[in-house]
1. Round to a whole number: what % of the accessible area of the chain belongs to carbon and sulfur, probe 1.4 Å?
2. Per residue, how large is the accessible surface of the chain? Use a 1.4 angstrom probe and give square angstrom.
3. Scanning the chain for GluC sites (Glu not before Pro) in DSSP loops with at most 15 other Cβ atoms within 10 Å, what's the longest stretch left with none?
4. When the Karplus curve 6.51 cos²θ - 1.76 cosθ + 1.60 is applied with θ = phi - 60°, which whole-Hz ³J(HN,Hα) does each residue of the range 45-59 get, with x for Gly and Pro?
5. To the nearest 0.05, how large is the calculated FRET efficiency for Asp16 and Lys50 if R₀ is 22 Å and r is the Cβ-Cβ distance?
6. Considering the values [x] 14; [y] 22; [z] 34, which represents percent of Cα pairs over 23 Å apart as calculated for the structure under consideration?
7. With label points built 7 Å along Cα→Cβ from the Cα atoms of Leu29 and Leu43, find their separation and express it in nm.
8. Measuring from label point to label point, each 7 Å out along Cα→Cβ, what is the Phe62 to Cys36 span in nm?
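The values are calculated or read from the model by the stated rules, or taken from the named source; none is laboratory data. Quick caveat, the model's predicted, so the values are computed rather than measured. Positions of Cβ are backbone-derived with ideal geometry, glycine not excepted, and every protein chain shown enters the neighbour counts. Note: accessible area is taken over every heavy atom of the protein model, side chains too, but ligands, DNA and RNA are not part of it. Shrake-Rupley method; radii C 1.70, N 1.55, O 1.52, S 1.80 Å.
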Amino acid sequence: MEALTKTHSITLYNDDKLSFDYIIAVLALHCGHHICQAEQSALQAHNKGKCDIVSGEFIEMFELKSKLDLLALKTELNSYESNLH
């Protein structure tokens, strides 16, 4: 998912209850990640405690976070901070 204006991002947090396969499938189906990208995000969240998984405009990110909440992923909606200057 890519929006023209990135104002918010979603952070995925580590979860010891859900399987890697489940998290990878959710990221692939709902966030548009390729399997490899979804695996890397799941591993980063597991190893570092969190991982930014997607960014875009507020409404799009709010709706996606709502879906992820229903699917039991631990996520947070944040103001987007680009590291590009």
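1. Values: 3010 of 5630 Å².
Heavy-atom surface of the chain belonging to carbon and sulfur, 1.4 Å probe: 53 percent.
2. Values: 5630 Å² over 85 residues.
Per residue, the chain has an accessible area of 66 Å².
3. Working: sites that count: Glu2, Glu57, Glu81.
My reading of the result: 3-56 is the longest stretch.
4. Karplus-based 3J(HN,Hα) across the range 45-59 equals 4, 5, 7, 9, x, 6, 7, 6, 10, 6, 9, x, 6, 3, 4 Hz.
5. 0.95
6. Correct label is [x].
7. For the pair Leu29/Leu43, the computed spacing is 2.4 nm.
8. Taking the two extended label points, one gets 3.6 nm.
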